[in-house]
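Notes follow once the structure below has been shown.
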Amino acid sequence: MSGSTTKQAVAGFLTGSVLLAFVSFLLRKREKTASDNDQNSAKHTKSSLSQDISIPPDMRSEQLSRNELFFGPEGLESIKNSCILIVGVGGVGSHAVNMLARAGVGYIRIVDFDQVTLSSLNRHACATLEDVGIPKVECLKRYLRKICGGYCVVEAWSQMYTGDVTKDGDMMLAPKGRKWDVVIDAIDDVPTKSKLLSYCAIQDIRVISCMGAGGKSDFTRLHISDLKSASRDPLATKLRQTIRRTLSEDENSQNDLSFLEDVNKLAVLYCSEKIVVKLADLTEEQQKDGVHNFGAVENMRIRVIPVLGTMPAIMGQSLAGLALCEIGGKPFSPMSGERIGRNVRHRLFQHFKNREKKIGDIIKEKNQANNEVDANFWFGPPQIDSDDVEYILAEVWRNRCCVTGESLGTPLEIVRWDLTKPSNCQNIVLLSIKAMTDFDKAFEETGDGRNSVPEHIQSKIEARLQVCKIDSRA
């Protein structure tokens, strides 16, 4: 071995030794705090700082003043009185919890069995070197006390969610006399995630779920949709399959999978970017000694997912934003999937104009034949333009047929819903070719195309139209 090589080996050994000693020092420093959790991770922690930070009411009011300007007094009051459960407080979940607490949420329960590690620090919302070795939930709870004082009750459960009530205890039960306003799922393990979402579906609990943040970097491709529509996300694909299997084995579910395509029951945040970095390869040691010997928890992922810290941060804050706007009375209509190209928008708009002209001609012919004007029909120039088309497709109908649920994989057209009303954004639906054919047939036979649509679906369509803007620029 050359002198240069020897020096490099010695330097590497010393560097590793110093780092190991430093981490050991931190772990020993936190040993007393974490010992109960190490011995029994099934016990949830309710420890607190020795002395709460007291925030005078006027200071608290100023602290939340910008939120009150945004949501209004009633909206902020709803947020203050809200009750939220977050399962998984790693890179994504910690950022969600942080923003929810800062926004004034009154009660937050956080659930995670894991501890802060050195590799957590590239993405965790508040963990520092001093927190290495302590439970993630405890780290968050201590941090939030410094911001919210006693105004936000943070209940920390250093425990894994299993879906087994004998192991989970009262974890999923809201505080006495209350119910969850929303459950936020930031779990990265598919079987566990499937159990949580299935439970929420059976119990009719509103849930917002985050798909994969690892191996991706393009935050301009983030979308909120129903689970069925989530694309280019391996976690979403596998999750759909696992949920179907989970519910088929649950006698309480009646195997009802309708929530998979109902964004108002289950909203998912996903990135449509293709994964740009693969899972880290197994080390020689793992391959030699057996992969099963290296998992922190049985049946969970062993290989490491490369993570750009900005992605889980942005996704976690997006989850918090969606939850806050719903609770605070400022809901928005998320753009769903990829934007529609300009040429496609133009083509759909031209089809709509041709259709409206044809309908007008039919009405005129009937008027001439009957020698009278039928006041039950409105006809005139389209009240939308090609820019409105994108709003109608992506925001109002989320690129899905409002009758059959078919997505952009099948030809879709925009159609005026109620022919007695103008053709603005509040009166235009998105239909598949088959649904549109049935709609036109009903119009010819009964004078109202809506008669082709089952009543329960009609009600959903009309409820959706009522909350639309008349103009996409309004």
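Is there any pair linking a residue in region 52-67 that is among the aliphatic types (A, V, I, L, M) to one that is outside any helix (DSSP H, G or I), with Cβ under 7 Å and at least six apart or on different chains, and which?
As it stands, the answer is ILE53/GLY149; ILE55/GLY149; ILE55/TYR151; LEU64/GLY104, since those pairs meet every condition given.
Note down all Cβ pairs under 6 Å where the first residue falls in region 432-454 and is closer than 14 Å to ILE359 by Cα, the second is of a type in the set (Ser, Thr, Tyr), and they're at least six residues apart or on different chains.
Final answer for the pair search is PHE439/SER452; ALA442/SER452.
So, in region 256-308, exactly how many residues are of a type in the set (Val, Ile, Thr), under 25 Å from PHE113 (Cβ atoms), at pLDDT 65 or above and open to solvent by 50 Å² or more (accessible area, probe 1.4 Å)?
The number of residues fulfilling the criteria is 2.
Going by what's in this entry, would ILE205 be described as touching a strand residue (DSSP E or B) at 6+ places or on another chain (Cβ under 8 Å), open to solvent by 10 Å² or more (accessible area, probe 1.4 Å), aliphatic (A, V, I, L, M) and in contact (Cβ under 8 Å) with a residue 12 or more places away in the chain?
Here the answer is yes, as ILE205 does meet what is asked.
Do you know which residues across region 105-118 are without any contact (Cβ under 8 Å) to a residue 60 or more places away in the chain and either surrounded by fewer than 19 Cβ atoms within 10 Å (Cβ to Cβ) or over 20 Å from the mean Cα position of the chain (by Cα) (or both)?
GLY106, VAL116, THR117
Within region 414-426, is even one residue within 17 Å of SER333 (Cα to Cα) and open to solvent by less than 50 Å² (accessible area, probe 1.4 Å)?
Going residue by residue through region 414-426, those that are within 17 Å of SER333 (Cα to Cα) are 425-426.
Filter once more, so that each one left must be open to solvent by less than 50 Å² (accessible area, probe 1.4 Å): 425.
Yes, because at least one residue in region 414-426 is within 17 Å of SER333 (Cα to Cα) and open to solvent by less than 50 Å² (accessible area, probe 1.4 Å).
Looking at PHE71, PHE13, PHE25, which is the one that is surrounded by fewer than 18 Cβ atoms within 10 Å (Cβ to Cβ), farther than 25 Å from ASP170 by Cα and at pLDDT 50 or above?
PHE25
Is it the case that SER229 is modelled with pLDDT under 90, buried (at least 20 other Cβ atoms within 10 Å of the Cβ) and touching a strand residue (DSSP E or B) at 6+ places or on another chain (Cβ under 7 Å)?
On the way: modelled with pLDDT under 90: yes; buried (at least 20 other Cβ atoms within 10 Å of the Cβ): yes; touching a strand residue (DSSP E or B) at 6+ places or on another chain (Cβ under 7 Å): yes.
It is true that SER229 is modelled with pLDDT under 90, buried (at least 20 other Cβ atoms within 10 Å of the Cβ) and touching a strand residue (DSSP E or B) at 6+ places or on another chain (Cβ under 7 Å).
Can you tell me which residue within region 396-449, out of those that are among the acidic types (Asp, Glu) and out of contact with any Gly (no Cβ under 7 Å at 6 or more places or on another chain), is nearest to PRO381 (Cα to Cα)?
The extreme case among them is ASP418.
If a residue must be in a helix (DSSP H, G or I) and not charged (D, E, K, R), how many such residues does region 85-120 contain? Walk me through it before giving the result.
The first filter runs over region 85-120 and keeps only residues in a helix (DSSP H, G or I), leaving 91-103, 118-120.
Among the residues that remain, those that are also not charged (D, E, K, R) are: 91-101, 103, 118-120.
Result for region 85-120: 15.
Looking at GLY215, GLY177, which one is without any contact (Cβ under 8 Å) to a residue 24 or more places away in the chain and either on the phi > 0 side of the Ramachandran plot or buried (at least 20 other Cβ atoms within 10 Å of the Cβ) (or both)?
Sole residue among the options that is without any contact (Cβ under 8 Å) to a residue 24 or more places away in the chain and either on the phi > 0 side of the Ramachandran plot or buried (at least 20 other Cβ atoms within 10 Å of the Cβ) (or both): GLY177.
Would you point out the residue of region 119-159, among those that are open to solvent by 50 Å² or more (accessible area, probe 1.4 Å) and among the aliphatic types (A, V, I, L, M), that is farthest from LEU197 (Cα to Cα)?
The qualifying residue farthest from LEU197 (Cα to Cα) is LEU129.
Give all pairs with beta carbons closer than 7 Å in which a residue from region 254-271 that is farther than 18 Å from THR237 by Cα meets a residue that is among the charged types (D, E, K, R) and at pLDDT 95 or above; count only pairs at least 6 apart in sequence or on separate chains.
LYS265/ARG206
Enumerate the pairs (first residue in region 138-154 and in contact (Cβ under 8 Å) with a residue 24 or more places away in the chain and more than 19 Å from LEU85 (Cβ to Cβ); second residue anywhere and in a helix (DSSP H, G or I) and basic (Lys, Arg)) with beta-carbon separation below 8 Å, excluding pairs fewer than 6 apart on the same chain, so at least 6 apart or on different chains.
ILE147/ARG102; GLY149/ARG60
Looking at region 380-403, can you tell me whether even one residue there is surrounded by fewer than 17 Cβ atoms within 10 Å (Cβ to Cβ) and more than 25 Å from SER333 (Cβ to Cβ)?
Within region 380-403, one or more residues are surrounded by fewer than 17 Cβ atoms within 10 Å (Cβ to Cβ) and more than 25 Å from SER333 (Cβ to Cβ).
The values are calculated or read from the model by the stated rules, or taken from the named source; none is laboratory data. Keep in mind the model is a prediction, meaning the values are calculated, not measured. Neighbour counts run over all protein chains shown; Cβ positions are idealised from the backbone, glycine included. Areas reflect the complete protein model, heavy atoms only, side chains present, ligands, DNA and RNA absent. Shrake-Rupley method; radii C 1.70, N 1.55, O 1.52, S 1.80 Å.
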